[in-house]
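Colleague: Pasting a structure here, questions to come.
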């Protein structure tokens, strides 16, 4: 896809996305933050226009980019990139995984998910060693396929 | 004091509420601000908010200063360079036709040479505010010809700055060639000094402005703009060009975007009062005397705009729809025509210029957008063979 960029003096910038499925798409970013998305099917017909404010545009962009999340509810944060899921889970005192190491739990083999980081109190352990034991209150950042999340939750997070 | 406050508040409200009515049907605000001044002024029966237009002189001038200051801030040679030679060509064709035609028209009116010079600008220069807003509201920003239209407006803005600078000495009451030459020299010197400051000396102005604090920045740039305008006026260069140059200098300090954001609400408020105050000076009774010239000027402008739009479209191989869009969008007349009329009236030129420009702006500021919105059906009356459309992006 070719993208052409143009100055619109006094208004902002315009990005022409060329031919998409027989339609011409242009995005106008106003100096004031407003974004317009123009969709025209060519010819003399009037274009369809979607106008968004700055916040709406960023949210839409995140959804289109596959990285949509709502920062307010951190525990629920998840981001799916091409079928890949990134999720945050917090361990309770009675979670099955507490007090055992990643190796003992055989997380990767049994749930096909990977713990990529542990947020413990004020420290962050990235790429934890298999010998790392999990504590109550740990926030685990996990990566895997969406369908494997349930198995991970049962094996590590649920009450033992 | 109470009287003045009632007048000022009433002026703001009258202008705002009347313009809101127009806004509802998609019309620009400028003609309605002016109309509010006519309706609530001393020359019409009923409530007169302000008896003497001079009562609002200071706030109205502040509006004029902020309009030009903002224009200077936005002014960018980069925009022009980015458009390339073709864009410059379209702008030059537009100005040549419209300002040239306006000058001939002004001379034909026989009101005088200086009057003809003012009419040339008032008829020849489109309203950036109306054109820009129209493109956004008619949802035409994605059209290929819209860049060309905005380019023409940029060329017009540049022309306006030069034209304003050279007009003031002509408007002054110079007696004899020697005095006129002196005034020209003074204007040119001021222009050169300010442009030089904008180009090389913005670091001397920078300490005046503190970008870390919006409040203090507003107070200081306002002071700088008004002071420069005042000094310009004292030197006989006109406060308008002084304010424009102040904007140019501030744009070069690197605080341009921040100042632009802060000045916008101030500009909107005081510019409304500027248009309102202009309306106060207009006696609808004079409309009859200028109706003929206005009708002729409107027809001339319409013809020249359609012609210029057609030529610009041909230069860029656009189709007939784009040709109609260009010609009918740049038709809008507004703030610049009114600024020129204010300067002319202030300089004591033929008194008919006031009502002439007022009526002319009223017709085109309202008629222009109405025609532009219907450019599709209108364009279908143009023979296709005039605009053989060439595929382009």
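We did not get these values from a lab; they are worked out from the coordinates using the rules stated. Please read all numbers here as calculations on a predicted model, not as lab measurements. Note that we place each Cβ from the backbone using ideal geometry, even for glycine, and neighbour counts take in every protein chain shown.
Colleague: Determine the distance separating the Cα centre of the stretch B:315-335 from the Cα centre of the stretch A:2-61; give it in Å without decimals.
Modeller: Using only Cα atoms, the two centres lie 21 Å from each other.
Colleague: Please average, across the residues of A:24-33, the number of beta carbons from any other chain that are within 10 Å of each residue's own beta carbon, and give a whole number.
Modeller: On the way: counts 2, 1, 4, 2, 6, 0, 2, 4, 2, 0.
The shielding value for this peptide is 2.
Colleague: In nanometres, what is the gap between the two model label sites at residue B:54 and residue B:231, each 7 Å from Cα along Cα-to-Cβ?
Modeller: Each label point is offset 7 Å from its Cα along the Cβ direction, giving 2.9 nm.
Colleague: Also, quick follow-up: Please work out whether the stretch B:73-216 counts as rounded, prolate or oblate from its C-alpha gyration tensor, where a ≥ b ≥ c are the square roots of the eigenvalues and a/c under 1.5 means rounded, while otherwise a/b larger than b/c means prolate and anything else oblate?
Modeller: Details: a/c = 2.13, a/b = 1.07, b/c = 1.99.
Since a/c reaches 1.5 but b/c is at least a/b, the shape of the stretch B:73-216 is classed as oblate.
Colleague: So, one more: At R0 = 35 Å, how high is the FRET efficiency between residue A:106 and residue A:67 if r is their beta carbon distance? Nearest 0.05 is fine. Could you put the intermediate results ahead of the total?
Modeller: Values: r = 30 Å, r/R0 = 0.87.
The value I calculate is 0.70.
Colleague: Moving to a separate point now. Looking at the square roots a ≥ b ≥ c of the eigenvalues of the Cα gyration tensor of the protein assembly as shown, which shape do they give, rounded for a/c under 1.5, prolate if a/b is larger than b/c, or oblate?
Modeller: The shape class here is prolate.
Colleague: Choose one answer from B:109, B:167, B:87: the residue with the largest mean-square fluctuation in a GNM of chain B with alpha-carbon springs under 10 Å.
Modeller: Among B:109, B:167, B:87, the largest mean-square fluctuation in the Gaussian network model of chain B belongs to B:109.
Colleague: Highest mean first, how do B:376-382, B:277-283, B:212-218, B:140-146 rank when packing is the count of other Cβ atoms within 10 Å averaged over residues? Walk me through the numbers on the way to the answer.
Modeller: Numbers: B:376-382: 13.9, B:277-283: 24.6, B:212-218: 12.1, B:140-146: 21.7.
Per-residue Cβ counts within 10 Å, averaged per peptide and sorted highest first, yield B:277-283, B:140-146, B:376-382, B:212-218.
Colleague: Please list A:19-25, B:92-98, B:236-242 highest first by mean number of surrounding beta-carbon atoms within 10 Å per residue. Could you put the intermediate results ahead of the total?
Modeller: Numbers: A:19-25: 12.3, B:92-98: 19.6, B:236-242: 26.3.
Sorting A:19-25, B:92-98, B:236-242 by mean packing, highest first, produces B:236-242, B:92-98, A:19-25.
Colleague: Label point 7 Å out from residue A:21 along Cα-to-Cβ: which residues of the stretch A:46-61 have amide N under 20 Å?
Modeller: Backbone N within reach: A:46-52, A:60-61.
Colleague: Calculated from DSSP H runs of 4 or more alone, at -39500 (n - 2.57) each and per residue, what is the 222 nm mean residue ellipticity of chain A, nearest 500? The partial results should precede the final answer.
Modeller: Working: 4 runs with 24 residues, N = 160.
It comes out at -3500 deg cm²/dmol, rounded to the nearest 500.
Colleague: Report for the protein assembly as shown the percent antiparallel among DSSP-assigned beta bridges with both residues inside it, nearest 5. Write down the numbers at each step before the final one.
Modeller: On the way: 45 of 45 bridges.
Antiparallel bridges make up about 100 percent of those DSSP assigns within the protein assembly as shown.
Colleague: Put a dot 7 Å past each Cα toward the Cβ at residue B:196 and residue B:373; how far apart are the dots in nm?
Modeller: Going from the residue B:373 label point to the residue B:196 one covers 5.1 nm.
Colleague: With axes computed from alpha carbons, what is the tilt in degrees of helix A:54-64 against the longest principal axis of chain A, rounded to the nearest 10 within 0 to 90?
Modeller: That works out to roughly 70 degrees.
Colleague: Is there a simple number for the mean count of other chain Cβ atoms within 10 Å of the Cβ of residues in A:5-18, and what is it? Display every interim value, and only then the final one.
Modeller: Working: counts 0, 7, 9, 10, 17, 14, 7, 2, 0, 4, 1, 3, 0, 1.
Taking the mean over all residues of the peptide, I get 5.
Colleague: Say R0 is 60 Å: what FRET efficiency, to the nearest 0.05, do residue B:206 and residue A:93 get from their beta-carbon distance?
Modeller: Values: r = 60 Å, r/R0 = 0.99.
The computed FRET efficiency comes out at 0.50.
Colleague: Tell me the mean residue ellipticity at 222 nm calculated for chain B from its helices only (DSSP H runs of n ≥ 4, each -39500 (n - 2.57), averaged over every residue, nearest 500).
Modeller: Numbers: 17 runs with 300 residues, N = 393.
Computed mean residue ellipticity for chain B: -26000 deg cm²/dmol.
Colleague: A further question on this structure: When A:7, A:158 are ordered from fewest to most other Cβ atoms inside 10 Å of their Cβ, what list results?
Modeller: Details: A:7 18, A:158 13.
In order of increasing Cβ crowding within 10 Å: A:158, A:7.
Colleague: What relative contact order, as a whole-number percentage, does the stretch B:205-347 give when Cα pairs under 8 Å and 6 or more residues apart are counted?
Modeller: Details: 87 pairs, mean separation 20.7, N = 143.
Relative contact order here is 15 percent.
Colleague: Within a 10 angstrom radius of each residue's Cβ in B:141-153, how many Cβ atoms of other chains show up on average? Whole number is fine. Before the final figure, lay out each step's value.
Modeller: On the way: counts 13, 15, 4, 3, 0, 5, 5, 0, 1, 6, 3, 0, 2.
Per residue, the number of nearby Cβ atoms from other chains is 4 on average.
Colleague: Assuming R0 = 30 Å, what is the FRET efficiency of residue B:86 and residue A:41, from their Cβ-Cβ distance, to the nearest 0.05? The partial results should precede the final answer.
Modeller: Working: r = 28 Å, r/R0 = 0.93.
Using R0 = 30 Å, I get an efficiency of 0.60.
Colleague: Compute the relative contact order of chain B as a whole-number percentage, counting only Cα pairs closer than 8 Å that sit 6 or more residues apart in sequence.
Modeller: The normalised contact order for chain B reaches 27 percent.
Colleague: What length, rounded to one decimal in nm, is gained on full extension from residue B:264 through to residue B:44, with 0.36 nm per residue of separation minus their alpha-carbon distance?
Modeller: That works out to 76.0 nm of additional length.
Colleague: Now, a different point. Run the paramagnetic zone check for residue B:23: 7 angstrom along Cα to Cβ, then residues of the stretch B:243-272 with backbone nitrogen under 17 Å.
Modeller: Counting only backbone N, you get B:264-272.
Colleague: So, one more: Kindly identify the stretch B:144-243 as rounded, prolate or oblate by the Cα gyration tensor criterion: order the square roots of the eigenvalues as a ≥ b ≥ c, call it rounded if a/c is under 1.5, otherwise compare a/b with b/c, prolate if a/b is larger, else oblate.
Modeller: It is oblate, given that a/c is not under 1.5 and a/b is not larger than b/c.
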